[in-house]
Each structure stands twice: as C-alpha cells, then as structure tokens.
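Okay, so here's the structure we're looking at.
The values are calculated or read from the model by the stated rules, or taken from the named source; none is laboratory data. No experiment lies behind these values; they were computed from the predicted model shown. Because the Cβ atoms are built from the backbone with ideal geometry, glycine has one as well, and the counts that use them run over all protein chains shown.
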Amino acid sequence: LSNSDGYIFAGTGEDGILKTTVNGTWLESNNGINNLDVQSIVYDKENNLYAGTITSGLFSSNNDSPVWQKSGIGIDTKNIMSLSVDSNNYIYAGTYGVGVYKSTDKGNTFTQMNEGLIDKNIFSMVVDTGNHVFVGTGGSGIYMYEPDSSKWIRRNDGLKHLVVYSLSKSQNGYLYAATPGGGVFKSQNNGDSWTQINSNLTNLFVNTVVSLNDTTLIVGTQNAGAFITYDIGNSWQNIGLAGKDIRSIVFAPDSFLYVATRDNGIYKAKLDDFNWQLFNDGLITNSTQFLICDKKGRLFAAPHRNGIYYYETITGVSDVFLNNNSEIEIYPNPATDKIIIKLNLKYGFDELISIYNIIGLSIKNLEINTLQDCYELQIDYLPDGIYFIKYNKIIQTFIISK
C-alpha cells in the first residue's frame, strides 16, 4: 500500500508491515505492532493507515506519525482478513469467523453488521461508488450490504465457485471476483449476475485480481504466474512469473507493477515489457502476502511473519508529488471537485494541456488559448488517486481526495 507521502507499505503473513525508501531498500515500519502477522492494509480519505493482523486484531497509524496503535474496540476476534473504506470515510473490517464490522470514528470503535450474512469467513471486500459493500466469503460466495435495508443479500447468480479470494472494481462500475478453482468472474450490474471470463487463462486457481482501468485487468495465480487482459476478460495473456504463488498486485506511480509472491518475495516490471526483477532488498523473508500503494505513492508490504515495510516508489517525493514548479500551478491540491491550472510559461506554448491517470492513460485534453493563463477543470467524476498534468514538456502532479 502507498500513502500520501510517497512511501510504499507491504504486509506479511506473520511479520507485520515494511516500508521502503527511494534508495531501493525496504525499511521496517513496525513501531507499535506487537504481533507482526499482517493480512490486509488500507488507507482512508485522510491517508491514515489501518492494518489487519491474523492473531492480534486491528492497528492504525496516523498520516503524520509512523507509530502503530491498537484499534478496533468492539471487534470480537483478533483475526482480521480484509479491510475497506467507503466515501464517508467509514472503515469496514472483514474477519475470520465473526463476520463484518463497521467504524464511523476512524477505526476507534466498531459495530458488528451481520444481518443476513450466513458465512462469517470474510476473505475479501470492496466498496462501490454507491457505498454498497461487497464481501467474498470462504464458501458461500458473494454478499452485498444494502444500506437502505441494513442487511446482507447474496449475489451469486452465475457464480460457479463460492470461495472468493479477491474482489476488485473498475471505474465504470464493473465488479470482478477471483476464485481458487473457478477462475475470474465479472459483473456488469452491481453483482446481480456474474459471468465467467477465463478465455486463455490456463490456471483457474486465482488468488488476486486488480482492475487497472475500465478494460485492463491483471490476475495472480497459484504457481502459474500472472495474466493480463486488455478487453475486460475476453482473452487473457500470460505475462510471466510462472511457478510463482502470487498473493497481491499493485501499480505504483513510478510506472512499475509490483507483485507479492508467497515463495520469492516481491517482483517489479514495467507494463510495456513485463521484464520482471526481484525487489527484496531490506526484507528479512522472501515470502510476502500483501501490497498496497497510498495516495502519495508510498508502497507498503506485509512479509510473512515480518510486519510491515515501506518503499518510496518515486525518486524524491518532493520531485513529483510536492514539487513547486513555478511554470505550472495547480490548486487546490489535493482537490475534491475541481482544480485551477495556471500557466506561467513565457515561451513555447503547446496547443493542449494533457491529463493522465496513474497508469499513464489519457483522461482529458484542454485546448489552449494564448490569451488565457488560467483553466478550470471539473474532476468530481474521477476516482481518488494520483494524476499528472503535462504541458510543454513539464509534468505536474495533483491528488484527488474526496
């Protein structure tokens, strides 16, 4: 996971969370974590971090502090399997054996929310743009929490495998489910029905699925490597790491894809060549089960029985995320609904201002009027994250945080 300061955090099976810096070495980030068996990490709208452990419950870390504190009053178990955050900044914790809990006070206290939930083993979780919570269970498929009725509803029509290891959503609202034996499933109607999308996917034991954009997905399998689709799952291509047990995948602001494996640690590669490189310097163990990148590009990793580590994906956070380039000004930054782009260039005017998302896809182009130096851009339709503005060979970064 990566936070707003440009660090990367990784969660391990039983060893906590690690943090890495720009010199290419992972650094330990376990201050305050008593038991280092991190299973899941998430960040909220203010970039506060939450870490769920297998045997010690929930921990949180303030955005301004590297110290982890025990959280989760009201959760009746120490085994936290999955975490998620909705647009109201409410925190959801999925547990092994006692269902789902919700916090409205930044993880300090939680209330159980299990009405209609038959299977209490919550392996995965995702929240859609309407704040519907979807959970993948250990044997009863997928449930959706309907806020209006305050209960869980099963969403298994077309789902041929009822153990769901991973859930992901795309910007267009599609949902994806990864299963250990049934491959990948897609829903285009908010979970009302599911379609199997396994063409050319040679291994159906899928541990994790990640949506990069509306059409591109990447999955990690057990012992058959990683696969990518550019057409919403109509056809998959193998992209390497054969024989690896892949547990987590994240795309970072440095344009590298990072993959956590159970047997060889962490690999990274560019999306245009998939030339995989080991990236384990600083890690005590080469078994990693979780990765996440926060709002400012910090990558967090959870190695097996080794806590949490972090890594800064950008060479100098100030160079990219906190730069004060006087030729292009963006404000407010971070932003919620709109930004103002002010150009202070004295020469070399281009015809367009180009906006890109974190994986380099063009979002929008603004035509330039040489008599105008300020431009207003509506961004309320874009999801939270890191974006880039390019003009006259200068790249400036802004963050959307609603």
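Out of Ser56, Ser60, I need the residue that is crowded, with 19+ Cβ neighbours inside 10 Å, at pLDDT 90 or above, in a loop (DSSP other than H, G, I, E, B) and over 16 Å from the mean Cα position of the chain (by Cα). Which one? Result: Ser56 is the single residue among Ser56, Ser60 that is crowded, with 19+ Cβ neighbours inside 10 Å, at pLDDT 90 or above, in a loop (DSSP other than H, G, I, E, B) and over 16 Å from the mean Cα position of the chain (by Cα). Note on the range 265-295: among residues that are assigned to a strand (DSSP E or B), in contact with a Ser or Thr (Cβ under 7 Å, 6 or more places away or on another chain) and charged (D, E, K, R), the one that is modelled with the highest pLDDT is Lys270.
Inside the range 351-363, can you point out the residues that are surrounded by 14 or more Cβ atoms within 10 Å (Cβ to Cβ) and at pLDDT below 75? Matches in the range 351-363: Ile358, Ile359.
So which residues in the range 162-180 are at negative phi, in contact (Cβ under 8 Å) with a residue 40 or more places away in the chain and not in a strand (DSSP E or B)? Correct list: Val163, Val164, Tyr165, Ser170, Gln171, Asn172, Tyr174. For the range 84-109, which residues satisfy the criterion of being within 25 Å of Leu36 (Cβ to Cβ) and surrounded by fewer than 23 Cβ atoms within 10 Å (Cβ to Cβ)? Passing the criteria: Ser84, Val85, Tyr96, Gly97, Val98, Lys106, Asn108, Thr109. Can you say whether Asn114 is surrounded by fewer than 22 Cβ atoms within 10 Å (Cβ to Cβ), of a type outside the set (Phe, Trp, Tyr) and under 26 Å from Leu299 (Cα atoms), as far as the supplied structure shows? Taking the combined requirement at face value, the residue does not satisfy it.
For beta carbons closer than 7 Å, sequence separation of 6+ or different chains, a first residue in the range 181-194 that is at pLDDT 95 or above and a second that is aromatic (Phe, Trp, Tyr) and in a loop (DSSP other than H, G, I, E, B), the qualifying pairs are Phe185/Trp194; Lys186/Tyr174; Lys186/Trp194; Ser187/Tyr174; Ser187/Trp194; Gln188/Tyr174. Among residues belonging to the range 250-264 that are crowded, with 24+ Cβ neighbours inside 10 Å and not aliphatic (A, V, I, L, M), point out the one that is nearest to Phe398 (Cα to Cα). Among those residues, the one meeting the criterion is Pro253.
The residues listed here are Leu382, Leu366, Leu299; of these, the one that is surrounded by fewer than 20 Cβ atoms within 10 Å (Cβ to Cβ), within 19 Å of the chain's Cα centre (by Cα), of a type in the set (A, V, I, L, M) and modelled with pLDDT of 75 or more is Leu382.
Any residue that is of a type outside the set (A, V, I, L, M, F, W, C), in contact with a strand residue (DSSP E or B) (Cβ under 8 Å, 6 or more places away or on another chain) and within 20 Å of Ala93 (Cα to Cα) - is there at least one of those in the range 192-208? Checking the range 192-208: at least one residue is of a type outside the set (A, V, I, L, M, F, W, C), in contact with a strand residue (DSSP E or B) (Cβ under 8 Å, 6 or more places away or on another chain) and within 20 Å of Ala93 (Cα to Cα).
If the condition is being in a strand (DSSP E or B) and in contact with a Ser or Thr (Cβ under 6 Å, 6 or more places away or on another chain), then the range 211-228 contributes Ser211, Leu217, Gly220.
Evaluating Lys78 against the criteria (1) part of a strand (DSSP E or B); (2) more than 18 Å from the chain's Cα centre (by Cα) leaves one unmet condition, (1).
Looking at Phe279, is it aromatic (Phe, Trp, Tyr), more than 27 Å from Ser140 (Cβ to Cβ), buried (at least 17 other Cβ atoms within 10 Å of the Cβ) and out of contact with any helix residue (DSSP H, G or I) (no Cβ under 9 Å at 6 or more places or on another chain)? For Phe279, the condition - aromatic (Phe, Trp, Tyr), more than 27 Å from Ser140 (Cβ to Cβ), buried (at least 17 other Cβ atoms within 10 Å of the Cβ) and out of contact with any helix residue (DSSP H, G or I) (no Cβ under 9 Å at 6 or more places or on another chain) - is met. The residue that is surrounded by the fewest Cβ atoms within 10 Å (Cβ to Cβ), among those in the range 160-194 that are closer than 23 Å to Leu212 by Cβ and more than 21 Å from the chain's Cα centre (by Cα), is Asn189. Looking only at residues in the range 308-350 that are at pLDDT 85 or above and under 30 Å from Asp245 (Cβ atoms), which one is surrounded by the fewest Cβ atoms within 10 Å (Cβ to Cβ)? The qualifying residue surrounded by the fewest Cβ atoms within 10 Å (Cβ to Cβ) is Tyr310. Taking the range 128-163 as the range and being at pLDDT 95 or above, among the β-branched types (Val, Ile, Thr) and farther than 15 Å from Gly99 by Cβ as the test, only Val163 passes. The number of residues in the range 85-142 that are part of a strand (DSSP E or B), closer than 20 Å to Asn190 by Cα and in contact with an Asp or Glu (Cβ under 8 Å, 6 or more places away or on another chain) comes to 6. If the condition is being farther than 27 Å from Leu204 by Cβ and surrounded by fewer than 18 Cβ atoms within 10 Å (Cβ to Cβ), then the range 129-159 contributes Thr129, Gly130, Asn131, Glu146, Pro147, Asp148, Ser149, Ser150, Lys151.
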